[in-house]
Amino acid sequence: MKLPGLALLAALATTVVPVLAQDAHPDAISIIQPYVRATPPGATTGAGYIIFDAGQADDRLVGIETDAAERVELHQNQIVDGVARMRPMADGLFLPANAETILGEDGTHAMFFGLAAPFIVGQEIEATLIFEKAGRVPIVFTAEPMSGPSEKHLHEGQ
Ligand SMILES: [Cu+2]
């Protein structure tokens, strides 16, 4: 497994989970090393990251559901007047065929709002990814230390 230019994730043990949603799609999308960053006590928001390797067809991640939070949004950081802010990705995350797409690159991330409990290192968080074509796919995020390289960003409206 080659993870070019992704020191953070390359440093983690890499797990590849081929998703075989339907037998008819032998080259289905792969979901690689989904993780969330551990959160401090009392935190109500968290962030998650995933590497995708789309199969032979384009797809699009349009949503994430989990019992661990009230809701999850797909976000992208943008610099406005020198300050990083984040906005929901209205069209979701496009996953071009035969390519790796990283939720976590270019300021993208999954934003968890209303955490049921803080994310603790090593914790496993069950979630369901919702794809335009592949449909609903269950995954498990692992909580990694919060001290990893991170972009500071403001949470709009908080
Ligand atoms: Cu965010």
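Read-outs throughout are calculated quantities, based only on the coordinates presented, and are distinct from any laboratory measurement. Please read all numbers here as calculations on a predicted model, not as lab measurements. No Cβ is skipped: glycine too gets one built from the backbone with ideal geometry, and neighbour counts run over all protein chains shown.
If packing is taken as the mean number of other Cβ atoms within 10 Å per residue, what is the order of 71-81, 50-60, 34-44, highest first?
50-60, 34-44, 71-81
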Measure off 7 Å from each Cα along the Cα-to-Cβ vector at Thr44 and Thr128, then give the distance between these two points in nanometres to one decimal. 2.6 nm
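Quote to one decimal, in nm, the extra length available between Asn98 and Ala84 on full extension: 0.36 nm per residue of separation minus the C-alpha distance between them.
On the way: separation 14, 0.36 × 14 = 5.04 nm, distance 3.11 nm.
Residue separation times 0.36 nm, minus the Cα-Cα distance, leaves 1.9 nm.
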